[in-house]
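Note sheet for the following structure.
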Amino acid sequence: MALAQLLFQSGNHRHVTAEQLHAEAKARGIAVSLATVYNALHQFTAAGLLREVVVDGTRSYFDTNAADHHHFYYEETGALSDIPSDAVTVTMMPEPPSGTAVKRVDVIIRVSGAAARS
């Protein structure tokens with residue numbers, strides 16, 4: 001419950017890594033392991049409360065905005081900011097493999113040189 005409060009209490013949309021949330025919890029005196037933080041984040045994601053945004057093979061963010069949208073990724077700072085879904089148009093997509101259907105399209109636009117908004 002304490003992790004959910006950290007994630008959602010402000011009412012603002014957030015993009016956090018497990019390590020960032022773990023550090024926030026420790027700073028507030030919440031005794032929780034990093035493994036527990038990861039498990040909770042994955043459970044929140046499975047329940048549809050969060051979206052996992054994988055920016056590369058070594059970094060995932062958890063987004064409290066579970067609605068359909070895309071992201072700017074600021075390479076210098078590692079921050080993410082939202083892009084409304086209607087601001088990106090995908091005009092051509094390949095047919096999905098037989099027996100599958102497209103569930104969602106995630107677009108991450110990598111930027112550099114600008115101040116990051118989170």
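The values are calculated or read from the model by the stated rules, or taken from the named source; none is laboratory data. What you see is a predicted model, and the numbers here were worked out from it, not measured in a lab. A quick note on method: Cβ atoms are made from the backbone with ideal geometry, for glycine too, and the neighbour counts reach across all protein chains shown.
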Options R59, R28: the member that is under 11 Å from the mean Cα position of the chain (by Cα) and either of a type in the set (D, E, K, R) or at positive phi (or both): R59
Taking the stretch 36-55 and keeping only residues that are assigned to a helix (DSSP H, G or I) and within 29 Å of R110 (Cα to Cα), one is left with V37, Y38, N39, A40, L41, H42, Q43, F44, T45, A46
Taking the condition of being closer than 21 Å to V54 by Cα and of a type in the set (A, V, I, L, M, F, W, C), how many residues in the stretch 7-34 meet it? 7
Would you say Y38 is among the aromatic types (F, W, Y) and touching a helix residue (DSSP H, G or I) at 6+ places or on another chain (Cβ under 6 Å)? yes
Report every pair of residues separated by at least 6 positions or lying on different chains whose Cβ atoms are under 8 Å apart, first residue within the stretch 26-51 and touching a residue at least 12 places away in the same chain (Cβ under 8 Å), second of a type in the set (G, A, S) and assigned to a loop (DSSP other than H, G, I, E, B). G48/A66; L49/A66; L50/A66; R51/A66
Within the stretch 69-81, track down each residue that is outside any strand (DSSP E or B) and touching a helix residue (DSSP H, G or I) at 6+ places or on another chain (Cβ under 8 Å). none
Among the residues listed as A46, A2, A67, the single one being surrounded by fewer than 17 Cβ atoms within 10 Å (Cβ to Cβ), modelled with pLDDT under 95 and closer than 18 Å to K103 by Cβ: A67
Sole residue being under 18 Å from the mean Cα position of the chain (by Cα), at pLDDT 90 or above and under 20 Å from R51 (Cβ atoms), chosen from D86, D106: D106
Is it true that some residue in the stretch 82-105 is of a type in the set (G, A, S), in contact with a strand residue (DSSP E or B) (Cβ under 8 Å, 6 or more places away or on another chain) and in a strand (DSSP E or B)? no
Within the stretch 16-27, can one find any residue that is surrounded by fewer than 18 Cβ atoms within 10 Å (Cβ to Cβ), of a type in the set (A, V, I, L, M) and more than 23 Å from R104 (Cα to Cα)? yes
